[in-house]
1. Pull out all pairs, ordered by first then second residue, where Cβ-Cβ is under 9 Å, the residues are six or more apart or on different chains, the first lies in region 238-251 and is on the phi > 0 side of the Ramachandran plot, and the second is in a helix (DSSP H, G or I).
2. Any idea how many residues of region 211-257 are crowded, with 17+ Cβ neighbours inside 10 Å and more than 20 Å from Ser276 (Cβ to Cβ)?
3. Based on this model, can you work out whether Leu12 counts as farther than 30 Å from Asn322 by Cβ and modelled with pLDDT of 65 or more?
4. Which of the residues that make up region 120-167 are farther than 18 Å from Phe107 by Cβ and of a type in the set (S, T, N, Q)?
5. Given the conditions (1) under 28 Å from the mean Cα position of the chain (by Cα); (2) modelled with pLDDT of 85 or more, report the number of the one that Glu167 does not fulfil.
6. Just one of the numbered conditions (1) outside any helix (DSSP H, G or I); (2) under 25 Å from Ile85 (Cα atoms) is not true of Thr271; which one?
7. Could you tell me which residue of region 542-567 is farthest from the chain's Cα centre (by Cα), considering only residues that are modelled with pLDDT under 85 and surrounded by 16 or more Cβ atoms within 10 Å (Cβ to Cβ)?
Amino acid sequence: MRLIASVLFGLLIAVQSTAQVIDSLHETIKTASAQDKVDILIELVFQYRNSDRDKADSLLEVANVSARELNYEKGIARVKILRGILFNDQGNYDKAIDQFQSALPFFESSKDSSNQEAAYNNLGISYKRLGNLDSSNISYQQALRFVSDEFGKARLLLNIGSNFISEGKLDSATQNHIEAIKVFERINHQAGLTIAYLNLGNIYYKQDAYDQAMKYYHQSLENAIASGHKPVQSRNYLNIGSILSEKKQYDSALYYFKSATALQEAMGDQTGLAASYRNIGEVTLELGDTDAAEEYFQKSLSLYEKTSHKEGIIRANKFLANLYLDKQEFVKAKNYINRSIDQAREAGMIHELQRSLEFATKIYEASGDYKFAYGLLAEEKTIGDSIFKQEKITQIDELQTQYETAKKDQEIQNLSQQSQIQALQISQRNTLLAVIVIAFLVLVLAGFIFYQRRKYKHQQAVSNIEQRALRLQMNPHFIFNALASIQNYILQSDTKESVKYLSKFGKLMRQILEHSRQEFISIEDEADMLTNYLQIQQLRFQNSFQFTIHIADELDAENVKIPPLFAQPLVENAIEHGLTGVENGLVEISFDKTKEGVLLSVSDNGRGMNKSVSTTNHKSMATKITLDRLGLFGQRFASNLKYSHPQKFESGTLATLILPHKS
């Protein structure tokens with residue numbers, strides 16, 4: 001179940017949107033001057049924004065026309081900011097950015113710090129929604145330059161904290177929100193506390209700390225009910241429902257989702273209502289009512305399209321595609337996933353496009369269209385690589401900045417120390433000698449400790465590098481054999497088998513590349529990779545053998561972790577050297593718990609060893625790499641890890657390996 005996105009405080013400024021305020025503004029506008037009428041119309045748009053969107057749009061257009069007729073530049077610029085906020089509500093973030101940027105020159109020339117802060121704050125919101133966190137953070141920092149009160153500072157702390165949530169920096173996000181809460185408590189700003197509690201709930205939700213999240217959602221809900229702030233009230237209902245859905249308490253989840261729906265219908269909040277319908281659809285799908293789920297997903301899509309909410313349209317199409325995939329209605333599934341892909345491309349939402357392509361690959365593969373599935377897989381991989389590259393560039397830039405900052409701090413610290421030493425030389429010459437001697441001894445001791453720690457870290461780093469190098473050696477060893485098989489299928493002009501083989505081969509390559517970066521992976525992941533590898537080998541050997549993978553009951557396959565890529569070389573030996581030319585072959589793999597670690601066993605019913613055949617001193621590359629890696633792990637964990645050379649009988653071979661593990 002998807003959590004409603006972290007609330008950005010800039011979207012909820014109008015916390016006092018009550019009928020009394022609206023009535024008061026309508027009464028005041030009757031006797032106001034021409035320019036004041038424009039300002040009052042803008043305030044009315046804020047008030048109607050969440051309760052009557054059509055009314056808000058109509059009033060904004062009147063304000064825009066009036067401001068231009070009066071040549072009221074400040075009014076024109078304020079209309080642009082408000083139009084940008086409304087575009088944000090609709091998910092048209094590019095248009096919103098254009099509005100905020102076009103409003104800024106006037107406020108900069110007039111030195112209107114309040115509206116400069118508002119423009120930059122909302123720019124940060126738009127960039128955040130587009131996934132451009134760097135530009136978002138820059139905009140928020142610009143906004144901080146123009147903040148003149150504690151409330152504005154606390155609001156920006158929440159928005160920056162929201163970015164930290166998206167970046168996965170949850171400790172920093174928590175710290176920002178706690179600081180904001182202190183400010184709101186000091187100035188007794190209940191609306192700010194309401195939103196801060198909501199965001200804190202989101203932070204704990206992301207950490208799967210559901211009890212803590214539920215605590216803050218209920219605090220936020222109580223404040224929202226007391227202040228009559230229905231938008232935040234409905235968001236809390238949705239988030240509480242999401243937690244209950246995660247806990248599979250579907251009836252309770254439906255109660256909260258429908259409570260949110262009732263509020264959103266009363267407010268005319270069509271975007272929020274679309275999210276509620278989507279969540280209700282997911283719950284009804286879990287309860288097995290596919291017809292009701294389809295109806296809610298269609299309602300959700302219709303509302304997102306009505307409000308031109310691009311991100312919502314993309315995801316609603318994807319949910320419908322998933323539903324029709326489950327119903328094996330592949331034509332409809334393809335239709336909706338293709339809409340999702342087109343919308344993501346048009347909106348420039350790279351992460352959404354990658355996720356849609358990944359799901360489309362699954363749909364086309366399930367329908368038997370392997371060639372098209374392979375094309376989608378290739379495009380998804382290209383996008384994934386570009387995202388990975390950009391993230392690495394950003395990470396390097398951040399590290400460079402941190403390094404330069406630390407370097408300057410160190411230089412300042414060194415200058416300060418030199419100044420202190422000079423002062424001591426002038427005033428305390430006799431004492432200085434003793435201080436120097438003591439300092440020298442301390443430095444020697446610190447140097448020795450530093451050397452020992454550096455030596456240990458170096459040894460550990462060398463061990464890690466050697467481990468990675470040995471794991472990477474396995475990739476070309478297997479890739480060569482796999483590509484030879486692909487070549488064979490192509491030469492035989494067997495297109496369907498070639499595409500099927502390439503699809504599985506691509507998935508296996510991704511697993512091997514991902515696992516080769518990790519020191520430990522779960523037994524479940526290792527078994528999944530072995531299953532994929534063995535299925536490829538079955539294709540290669542025309543299903544001349546079967547296999548089984550057994551994990552002992554006392555091993556928690558999801559949480560017990562072992563070093564990756566140890567089993568594959570043993571399995572490869574069993575297939576290549578044991579089962580070649582054997583009909584009805586069988587490879588049995590088992591993971592068992594022992595006092596020394598995890599016992600990995602690989603056996604086959606192949607040819608075994610003929611006692612009349614002389615042995616040679618040849619040792620396979622896979623076996624050599626396995627022994628070398630075991631030696632490195634033994635040094636690292638100070639344990640005696642054992643590898644039993646294959647025991648060969650008249651029929652069959654058994655190889656065992658004891659691996660380190662951690663939970």
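The values are calculated or read from the model by the stated rules, or taken from the named source; none is laboratory data. Keep in mind the model is a prediction, meaning the values are calculated, not measured. Methodologically, a virtual Cβ is constructed for each residue, glycine included, from the backbone with ideal geometry; neighbour enumeration extends over all protein chains shown.
1. Close Cβ pairs satisfying both conditions: Lys248/Glu286.
2. So the count comes out to 4.
3. The answer is no for Leu12.
4. Asn132, Ser135, Ser136, Asn137, Asn159, Ser162, Asn163, Ser166
5. Status for Glu167: all satisfied but (2).
6. Unmet for Thr271, out of (1) outside any helix (DSSP H, G or I); (2) under 25 Å from Ile85 (Cα atoms): (1).
7. If we take residues in region 542-567 being modelled with pLDDT under 85 and surrounded by 16 or more Cβ atoms within 10 Å (Cβ to Cβ), then Phe566 is farthest from the chain's Cα centre (by Cα).
Here is a yes/no grid of residues against (1) part of a loop (DSSP other than H, G, I, E, B); (2) at pLDDT 90 or above:
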position: Ile40; (1), (2): no, no
position: Glu43; (1), (2): no, no
position: Asn50; (1), (2): yes, no
position: Lys55; (1), (2): no, no
position: Leu59; (1), (2): no, no
position: Lys80; (1), (2): no, yes
position: Gly84; (1), (2): no, yes
position: Phe100; (1), (2): no, yes
position: Leu104; (1), (2): no, yes
